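Step one of this worksheet: look at the structure below.
The values are calculated or read from the model by the stated rules, or taken from the named source; none is laboratory data. Just so we're clear, the structure is a prediction, and the values are computed from it rather than from any experiment. No Cβ is skipped: glycine too gets one built from the backbone with ideal geometry, and neighbour counts run over all protein chains shown.
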Amino acid sequence: MLKQYFKRIGAKRMVIMLLGNVFLGMGVSIFKLSEMGIDPFSGMVMALAEVLGIGYPVFLILVNLVLLFVEVKFGREMIGAGTVVNACLLGYIVTFFYTIWVRMFGGVPQNFAVRLALVCIAIIVMSFGVSMYQTADVGVAPWDSLSLILIKRHHKLPYFGYRIIGDAIAALVCWFAGGIVGIGTAVCAFGLGPFISFFDTHFSKKLVEK
């Protein structure tokens, strides 16, 4: 069964998905290094992990397992190899790159201009990764699946309406847990969509269709 699945999706899509998650994790790690905020879900998970004294990669897996239960029950068709990779490995990818950046910079940068530049770099890298991972179309991450499940079951709001509500709740939890909700959070809120769309059109879709 697994052999047939991997044969159906093809090695190319798998590689694109894996690279997408690597770039996604790299982008998240750069946002984290800036200490100016991050996408709401990552910020929430990092803040709660800190409060509970659990390592971020492990806690991210635990959160994703809970979300995966919802995805299995209401959106099983969205589950694929990309779901598993994103749920289980993204936290470790983020931590891996974050450790490298901290060593490179000799700690967390304190200069505002440098931190702002990191935010600008992070949004581009993260958007590029999300574009590749989503365009590969080999599974939806548990958090991303929630909005898709809601729009499938309840048609009161468009996809982005449910997404905004979910991100707003995550940002509030992040803030109450002592996490950073700042410029980086706003950049993610307003910048991810346009940048992902740009990379979809000019790179990812062309790569998949080759």
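Inclusion of residue 158 among residues that are at pLDDT below 90 and surrounded by fewer than 20 Cβ atoms within 10 Å (Cβ to Cβ) is warranted. Within region 131-142, restricting attention to residues that are surrounded by fewer than 24 Cβ atoms within 10 Å (Cβ to Cβ) and closer than 13 Å to residue 203 by Cβ, the residue that is nearest to the chain's Cα centre (by Cα) is 134. No other residue among 27, 43, 20 is crowded, with 24+ Cβ neighbours inside 10 Å and farther than 28 Å from residue 110 by Cβ apart from 20. Among the residues making up region 143-155, those that are more than 15 Å from the chain's Cα centre (by Cα) and part of a helix (DSSP H, G or I) are 148, 149, 150, 151, 152, 153.
Scanning region 101-119 for residues being assigned to a helix (DSSP H, G or I) and either surrounded by 21 or more Cβ atoms within 10 Å (Cβ to Cβ) or in contact (Cβ under 8 Å) with a residue 60 or more places away in the chain (or both) gives a total of 7. When residue 176 is tested against the conditions (1) among the aromatic types (Phe, Trp, Tyr); (2) under 20 Å from residue 56 (Cα atoms); (3) surrounded by 15 or more Cβ atoms within 10 Å (Cβ to Cβ), the lone failure is (3). Mind checking whether some residue in region 73-94 is of a type outside the set (A, V, I, L, M), under 28 Å from residue 186 (Cβ atoms) and more than 13 Å from the chain's Cα centre (by Cα)? For region 73-94, residues of a type outside the set (A, V, I, L, M), under 28 Å from residue 186 (Cβ atoms) and more than 13 Å from the chain's Cα centre (by Cα): absent.
Close contacts from region 52-77, counting a first residue that is surrounded by 13 or more Cβ atoms within 10 Å (Cβ to Cβ) and a second that is outside any helix (DSSP H, G or I), with Cβ to Cβ under 7 Å and a gap of 6+ residues or different chains, come to 71/79; 72/79.
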